[in-house]
Amino acid sequence: MASMEAGVTPAKSRREPEGRPSARDKYSVLLPTYNERENLPLIVWLLVKCFSESGFNYEIIIIDDGSPDGTRDVAEQLEKIYGSDKILLRPREKKLGLGTAYIHGMKHATGNYIIIMDADLSHHPKFIPEFIRKQKESNFDIVSGTRYKGNGGVYGWDLKRKIISRGANFVTQILLRPGASDLTGSFRLYKKEVLQKLIEKCVSKGYVFQMEMIIRARQLNYTIGEVPISFVDRVYGESKLGGNEIVSFLKGLLTLFATT
Ligand code: GDD
Ligand code: MN
């Protein structure tokens, strides 16, 4: 004890072996929610379990957009159960869109890494240790979950939804050649300062945000690692991706094509 007070290098700041998370690393998970009352307790439980078992330092930031189904009350309960250092509820008054929900959440993040994922159990926390390992492997700026490589895949979507997703990826691949296989996915890990830079550059607000982030990342020469993931369609509740989002995706894509 005395030696620590006397300023002897504490274990924490000793050099960690290459390729392993250090004790200083902290992972901030951003969970945007809109009507996810049934899913939230499960996803949070799985996240806490995953982080406890793997020993990484973490926090979970819930960005609820005034969900009419009472998601916010559930989040408040979870904050009490797991502690307000682990679960941070940072809600907004009304539904303001997915892109700005991430921006809002990131303002409150204290980690040096940010993990973005859906709250509806389509993204399984079991992949997070693989993301972290991948990131450390080559000190990637971004690690992106991919449904379109290796063992990755999509389960439970109907043909229409599969075509929309494949189509969006295909058209974007051709127009913009982004150097990543899953452009519209939203299960990713970022270095915090990288995410901050990217957000400053991004103009879109809705679902197209994910795709723009990867395009901008390539422009700025950030390195991207990929981890195959299985995306499983939600059981509870419904997707918020409507016709409007598809139209704004196409508009966003054309804007990017014209401006990059
Ligand atoms: N706070 C907030 N505000 N959260 C939102 C909003 C919003 O306006 N809209 C959606 N969410 C939350 C949902 O509650 C969920 O946790 C997550 O964002 C994803 O929304 P879903 O409605 O489940 O999206 P999806 O399953 O149709 O689409 C998924 O796959 C797409 C790619 O195929 C998402 O991962 C998309 O980001 C992705 O582009
Ligand atoms: Mn979903």
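What the table shows:
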| item | result |
| --- | --- |
| In the range 36-53, the residues that are in a helix (DSSP H, G or I), touching a residue at least 40 places away in the same chain (Cβ under 8 Å) and surrounded by 15 or more Cβ atoms within 10 Å (Cβ to Cβ) | 40, 42, 43, 44, 46, 47, 50, 51 |
| When residues of the range 230-260 are limited to those that are more than 11 Å from ligand 1 (Cβ to nearest atom) and in a loop (DSSP other than H, G, I, E, B), the one farthest from residue 120 (Cα to Cα) | 260 |
| Test for residue 145: is it away from ligand 1 (no atom under 11 Å from the Cβ) and outside any helix (DSSP H, G or I) | no |
| Residues of the range 98-122 that turn out to be within 20 Å of residue 72 (Cβ to Cβ) and of a type outside the set (A, V, I, L, M), as a count | 8 |
| Residue within the range 153-160 that is away from ligand 1 (no atom under 13 Å from the Cβ) and either on the phi < 0 side of the Ramachandran plot or open to solvent by 30 Å² or more (accessible area, probe 1.4 Å) (or both) present | yes |
| Selected residue (only one of 132, 115 is in a helix (DSSP H, G or I), away from ligand 2 (no atom under 16 Å from the Cβ), within 20 Å of residue 54 (Cα to Cα) and at pLDDT 95 or above) | 132 |
| Residue pairs meeting the criteria (Cβ under 6 Å; at least 6 apart or on separate chains; first in contact (Cβ under 8 Å) with a residue 60 or more places away in the chain and open to solvent by 10 Å² or more (accessible area, probe 1.4 Å), in the range 214-234; second away from ligand 1 (no atom under 16 Å from the Cβ) and among the aromatic types (Phe, Trp, Tyr)) | 223/140 |
| Some residue of the range 125-139 being surrounded by 18 or more Cβ atoms within 10 Å (Cβ to Cβ) and more than 25 Å from residue 25 (Cβ to Cβ) | no |
| Boolean, residue 175 is in contact with a helix residue (DSSP H, G or I) (Cβ under 6 Å, 6 or more places away or on another chain), farther than 28 Å from residue 65 by Cβ and open to solvent by 50 Å² or more (accessible area, probe 1.4 Å) | yes |
| Restricting the range 63-91 to residues that are open to solvent by 30 Å² or more (accessible area, probe 1.4 Å) and not in a helix (DSSP H, G or I), the residue that is farthest from residue 35 (Cα to Cα) | 85 |
| Filter result (within 16 Å of residue 146 (Cα to Cα), within 16 Å of ligand 2 (Cβ to nearest atom) and not in a helix (DSSP H, G or I)) within the range 205-229 | 229 |
| The one condition in (1) more than 16 Å from ligand 2 (Cβ to nearest atom); (2) within 24 Å of residue 128 (Cα to Cα); (3) of a type outside the set (Phe, Trp, Tyr); (4) open to solvent by 30 Å² or more (accessible area, probe 1.4 Å) that residue 239 fails to fulfil | (1) |
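The values are calculated or read from the model by the stated rules, or taken from the named source; none is laboratory data. Values in this document were obtained by computation on a predicted structure and should not be read as measured data. Neighbour counts are summed over all protein chains in view; Cβ atoms, including those assigned to glycine, are modelled from backbone coordinates with ideal geometry. Quick note on the areas: whole protein, heavy atoms, side chains included, nothing else; ligands and nucleic acids left out. Shrake-Rupley method; radii C 1.70, N 1.55, O 1.52, S 1.80 Å.
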